[in-house]
Amino acid sequence: MSDDINRAHNEAMKALKAERDEMMREKRAGHGLLMVHTGDGKGKSTAAFGMIARALGWGFEVGVVQFIKGKWKTGEKEFFRRFPDQVRFHVMGEGFTWETQDRARDIAAAEAAWEKAKELLADTSLHLVVLDELNIALRYDYLDVNQVVADLQARPREMHVCVTGRNAKPELIAVADLVTEMQSVKHPFDAGLKAQRGIDF
Ligand code: ATP
Ligand code: MG
């Protein structure tokens, strides 16, 4: 009896493998991807930093601009500075959030961060550029989304880019190759817990 089940399972797996192999043959090697991690659940930035770890594992060079985590010490910054030859990590100014309450200053900070991002986007040695929390700057119209999209599309053909942050603009989603919406089911913040070292920053 269990022999029959095993045999049927093996046959089904064989068919599935043939189907998948056929599907993979049709896939192209592709070009650099524009990826967007958005939504209100945790994991947008974490997933972007996970991809950086993968890229480093292959010996690639990567660039990061963090648009808001200004003053804090973060695990990602402390970790990636151990790879000075492979990682260009830029945390821009104090960033902009409810902390500043000064729109003109926020816009100036966002523009300075975008100038840094454009430098990375023009650097053909980079395999991947992460623009962490860029969506927040776009959401408040600190940067012009059409200009940002145009600059992103003008990057080298092979370069991957990952944009993170809640409330991704439709204009960005429209031109992206990959969009993931993180959905919050539960978050310890709602139960009154503070952000945790090594987990949230
Ligand atoms: P992470 O950096 O942990 O991957 P994220 O990039 O998905 O989180 P952000 O919107 O950038 O999320 O939020 C940054 C901080 O807010 C993190 O400390 C994160 O744990 C926390 N956070 C994320 N999702 C939620 C949520 N649904 N409710 C409350 N806090 C959240
Ligand atoms: Mg984030």
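Residues in region 55-72: is at least one at pLDDT below 90, within 16 Å of ligand 2 (Cβ to nearest atom), more than 22 Å from ALA168 (Cβ to Cβ) and part of a loop (DSSP other than H, G, I, E, B)?
Filtering region 55-72 for residues at pLDDT below 90 gives 68-72.
Cutting the leftovers down to within 16 Å of ligand 2 (Cβ to nearest atom) gives us 68-72.
Within this subset, residues satisfying the condition of being more than 22 Å from ALA168 (Cβ to Cβ) are 71-72.
Now narrow it down to the ones that are part of a loop (DSSP other than H, G, I, E, B): 71-72.
Yes: one or more hits.
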> How many of the residues making up region 26-48 are of a type in the set (Gly, Ala, Ser), away from ligand 1 (no atom under 16 Å from the Cβ) and farther than 15 Å from ALA176 by Cα?
Replying inline: 1
>> Quick check on my filter: what residues within region 128-152 are over 16 Å from the mean Cα position of the chain (by Cα) and not hydrophobic (A, V, I, L, M, F, W, C)?
In response: ARG139, TYR140, ASP141, TYR142, ASP144, ASN146, GLN147, ASP151
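Report yes if GLU76 is of a type in the set (Asp, Glu), more than 16 Å from ligand 2 (Cβ to nearest atom) and either at pLDDT 95 or above or in a helix (DSSP H, G or I) (or both), otherwise no. Lay out the reasoning, then the answer.
On the way: of a type in the set (Asp, Glu): yes; more than 16 Å from ligand 2 (Cβ to nearest atom): no; either at pLDDT 95 or above or in a helix (DSSP H, G or I) (or both): yes.
No.
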> What tally of residues in region 114-154 results from selecting those that are open to solvent by less than 20 Å² (accessible area, probe 1.4 Å) and within 16 Å of ligand 1 (Cβ to nearest atom)?
Replying inline: 7
> Residues ARG82, ARG157, ARG166: which one is open to solvent by 60 Å² or more (accessible area, probe 1.4 Å) and closer than 24 Å to LYS42 by Cβ?
Replying inline: ARG166
>> Restricting to region 27-54, count the residues that are in contact with a His (Cβ under 9 Å, 6 or more places away or on another chain), outside any helix (DSSP H, G or I) and open to solvent by less than 50 Å² (accessible area, probe 1.4 Å).
In response: 5
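The values are calculated or read from the model by the stated rules, or taken from the named source; none is laboratory data. Fair warning: this is a prediction, and the values are worked out from it, not measured in the lab. In this analysis, Cβ positions are derived from the backbone assuming ideal geometry, glycine residues included, and neighbour counts consider all displayed protein chains. Heavy atoms of the whole protein, side chains included, go into the accessibility calculation; ligands, DNA and RNA do not. Shrake-Rupley method; radii C 1.70, N 1.55, O 1.52, S 1.80 Å.
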